[in-house]
Amino acid sequence: MIGVLFSSRFTRIAAVGVVFFGAANVTLAQQNIGELFATDASVKGAVVLANAGTKVLSGSSISAGDQLATLKLERGGSMLICPNTSLAVTSSQNGRQLLFSMNTGNIEMDYPIGAAADNLLTPDFRLLLPGPGRLHLAVRVNAKGDTCVQSLASNTSAVVVSEGMGDESYQVKPNEAVIFNGGRISGAMPTHDSCGCPAPPPTRVAMVTPPPPPAKKTPDQEPPPPETHMVVDAPFIYRASEPVDITENVAHLRMESKPMSFEPVVLPPSSLSAEASSAKTQETARTNKPKQEKKGFLAKLGAFFTAIFH
């Protein structure tokens with residue numbers, strides 16, 4: 001069944017799986033492996049929908065999309081299925097052993113393991129994952145058959161890598177990373193590259209440049225205050241014959257913010273004023289005439305007697 005899920009080159013994995021689980025019966029397909037959490041992964045096989053995720057049963061195949069998928073194992077720990085990677089998982093009848101199968105891609109394992117041993121099959125190798133201890137491992141396989149096996153920080157298990165069609169094997173110790181070029185043990189070389197999931201692309205955040213703060217105005221740039229003009233709101237009446245004292249009117253002028261405006265009103269002189277003006281003019285003329293010379297004594301005396309005998 002497993003060989004159908006992958007390419008013809010992967011049929012060797014199916015043969016090993018048959019030997020490993022030859023005594024298992026059909027009830028193995030109902031063994032609960034764990035719960036899958038993913039946004040775009042697909043599952044082929046028996047599943048049970050749960051509240052938070054999807055329960056994956058034995059014999060199922062998980063294919064991650066563009067996002068990472070996480071399989072939380074029923075017995076504890078988890079498996080990370082990296083983007084664009086497919087992983088098939090089968091459980092033994094008692095649930096103590098797990099068989100993982102992958103073609104190309106990346107996976108990360110992080111779970112405790114008991115006295116039994118799990119197995120991971122690739123197109124060219126079989127990885128024996130013995131216990132007891134803590135298994136923390138990263139595996140990467142490309143289309144050329146280059147297989148990278150990395151023992152991560154908390155790993156306590158020595159992983160044995162064996163050729164699927166040969167007799168050679170290699171033990172990857174804790175804190176060691178090895179790449180097997182061309183799918184051969186003889187091509188093993190230590191590496192400092194990461195064999196796990198690639199780092200996700202950085203999240204692009206739109207940057208909005210805030211507008212610059214308004215420039216502070218200098219004192220010479222401040223607008224001048226509005227000027228206050230005096231407005232006269234009182235009539236001025238002028239008569240030529242009657243001089244007017246405007247002192248009292250000016251004393252009551254009020255201030256307003258309007259243009260200054262003077263509107264004098266000139267009235268013509270009345271007839272009475274004209275007569276008074278004429279009499280005053282004649283009086284002024286008489287007053288300004290030169291005084292007559294004083295008469296003599298005899299003239300005055302003659303005038304006296306003339307008045308008596310008149």
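The values are calculated or read from the model by the stated rules, or taken from the named source; none is laboratory data. Just so it is clear, the structure is predicted and the values come from calculations on it, not from any experiment. Neighbour counts run over all protein chains shown; Cβ positions are idealised from the backbone, glycine included. All accessible areas refer to the heavy atoms of the entire protein, side chains included, with ligands and DNA or RNA removed. Shrake-Rupley method; radii C 1.70, N 1.55, O 1.52, S 1.80 Å.
Taken together, the residues in the range 125-157 that are within 46 Å of the chain's Cα centre (by Cα) and either closer than 21 Å to ASN84 by Cβ or not in a strand (DSSP E or B) (or both) amount to 20. I'd like to know if the range 163-170 contains one or more residues that are buried (at least 17 other Cβ atoms within 10 Å of the Cβ) and modelled with pLDDT under 95. Within the range 163-170, one or more residues are buried (at least 17 other Cβ atoms within 10 Å of the Cβ) and modelled with pLDDT under 95. Yes or no: LEU80 under 24 Å from ALA50 (Cα atoms), open to solvent by less than 10 Å² (accessible area, probe 1.4 Å) and either touching a Cys at 6+ places or on another chain (Cβ under 8 Å) or aliphatic (A, V, I, L, M) (or both)? Judged against the criteria, LEU80 is not a match. Just checking, how many residues over the range 75-106 are under 40 Å from the mean Cα position of the chain (by Cα) and part of a loop (DSSP other than H, G, I, E, B)? The total comes to 7. Taking the criterion of being outside any loop (DSSP other than H, G, I, E, B), under 20 Å from ALA199 (Cα atoms) and open to solvent by less than 30 Å² (accessible area, probe 1.4 Å), the residues of the range 58-74 that qualify are ALA69, LEU71.
For GLU168, the requirement of being without any contact (Cβ under 8 Å) to a residue 60 or more places away in the chain, in contact with a helix residue (DSSP H, G or I) (Cβ under 6 Å, 6 or more places away or on another chain), acidic (Asp, Glu) and more than 22 Å from LEU36 (Cβ to Cβ) is met. Tallying residues that are open to solvent by 30 Å² or more (accessible area, probe 1.4 Å) and not small (Gly, Ala, Ser) within the range 153-162 yields 2.
Among the residues of the range 29-46, at least one is at pLDDT 80 or above, in a strand (DSSP E or B) and open to solvent by less than 10 Å² (accessible area, probe 1.4 Å).
Tallying residues that are within 18 Å of ASN103 (Cα to Cα) and out of contact with any Asp or Glu (no Cβ under 8 Å at 6 or more places or on another chain) within the range 71-90 yields 7. Test THR122 against the stated conditions and say whether it is closer than 28 Å to MET165 by Cα, among the hydroxyl-bearing types (Ser, Thr, Tyr), open to solvent by less than 50 Å² (accessible area, probe 1.4 Å) and over 44 Å from the mean Cα position of the chain (by Cα). Against the criterion (closer than 28 Å to MET165 by Cα, among the hydroxyl-bearing types (Ser, Thr, Tyr), open to solvent by less than 50 Å² (accessible area, probe 1.4 Å) and over 44 Å from the mean Cα position of the chain (by Cα)), THR122 qualifies. If the condition is being among the small types (Gly, Ala, Ser) and at negative phi, then the range 115-135 contributes ALA115, ALA116, ALA117, GLY131.
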